[in-house]
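Reviewing the structure listed below.
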Amino acid sequence: MQRHLRRLLCASLLFCVSLGAAADAVTDRAKALLQRQDAQGAYKLLLPLEPQRAGDPEYDYLLGIAALDAGDPERAIFALERVLAVQPDNLQARAEIARAYMATGERDAAKRELEAVRARQVPPQVRETINRFLSAIAAAERTRVDKYLEIAFGYDTNVNSATGMSTIAIPFFGGANFTLDPSLTERDDRFLNLAAGVNFTRKLSLAWS
């Protein structure tokens, strides 16, 4: 679902990201790898260059996407924060960092970034997708408390689950019959069961509670 948000934003947002730096062989190669959905390859290509290229919005943006899709959302956040530091209106970078925040469980930060994108002039499809993400975040934050009360009553012809015989033969005494104490024989009676409790459910993530 998160990758769907990126694809939809890239396909639908009618603007070009102004990156301020000319495309080079490294970023062109990274773009080609990402288009082939080879995030690991793009990440391995870009990561060693971070000490030299960090601060270049085009490089940082591609590194952020590659890191996120390769399973390193923390580094993606750092890279995309650098993009937004110099390009605060870069809506694609905001959508990507929202994905990264969601991957790290920072739902409040993800919500903030998604709402910032939704507040801008974006196509209806993008707005609808963002609304679904925000609804999922709200559901993940939900805490539910369920209370219950159970009452059962009735009549039992053998409430103590005992024998219905008043006497019993004991072989050890030659089969002599012994009279049972009335408390040891079956008794009928009314019964009442009462149970109450509270169930507390807290969502930890979109998948776990």
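The values are calculated or read from the model by the stated rules, or taken from the named source; none is laboratory data. Values in this document were obtained by computation on a predicted structure and should not be read as measured data. Cβ sites come from the backbone with ideal geometry, for glycine too, and all protein chains shown count toward neighbours. When the accessible area is computed, the model is the full protein with side chains, heavy atoms only, and any ligands, DNA or RNA have been set aside. Shrake-Rupley method; radii C 1.70, N 1.55, O 1.52, S 1.80 Å.
Output yes when any residue across segment 137-157 is surrounded by 11 or more Cβ atoms within 10 Å (Cβ to Cβ), at pLDDT 75 or above and in a loop (DSSP other than H, G, I, E, B), and no when none is.
no
I want to confirm something. Restricting to segment 178-209 and keeping residues that are modelled with pLDDT under 70 and touching a Ser or Thr at 6+ places or on another chain (Cβ under 8 Å), which single residue is surrounded by the fewest Cβ atoms within 10 Å (Cβ to Cβ)?
In this case the residue turns out to be PHE178.
Quick one: would you say ALA109 is outside any loop (DSSP other than H, G, I, E, B), under 30 Å from GLY41 (Cβ atoms) and at pLDDT 85 or above? Give the steps one after another, and end with the answer.
Numbers: outside any loop (DSSP other than H, G, I, E, B): yes; under 30 Å from GLY41 (Cβ atoms): yes; at pLDDT 85 or above: yes.
Considered against the rule, which asks whether it is outside any loop (DSSP other than H, G, I, E, B), under 30 Å from GLY41 (Cβ atoms) and at pLDDT 85 or above, ALA109 comes out as yes.
Touching a helix residue (DSSP H, G or I) at 6+ places or on another chain (Cβ under 9 Å) and exposed (fewer than 15 other Cβ atoms within 10 Å of the Cβ): does that describe GLN35?
Judged against the criteria, GLN35 is not a match.
Whether any residue in segment 120-135 is open to solvent by less than 60 Å² (accessible area, probe 1.4 Å) and not in a helix (DSSP H, G or I) is what I want to check.
yes
(1) among the β-branched types (Val, Ile, Thr); (2) in contact with a Phe, Trp or Tyr (Cβ under 7 Å, 6 or more places away or on another chain); (3) open to solvent by 50 Å² or more (accessible area, probe 1.4 Å): which one isn't true of VAL86, the others all being true?
It is condition (2) that VAL86 fails.
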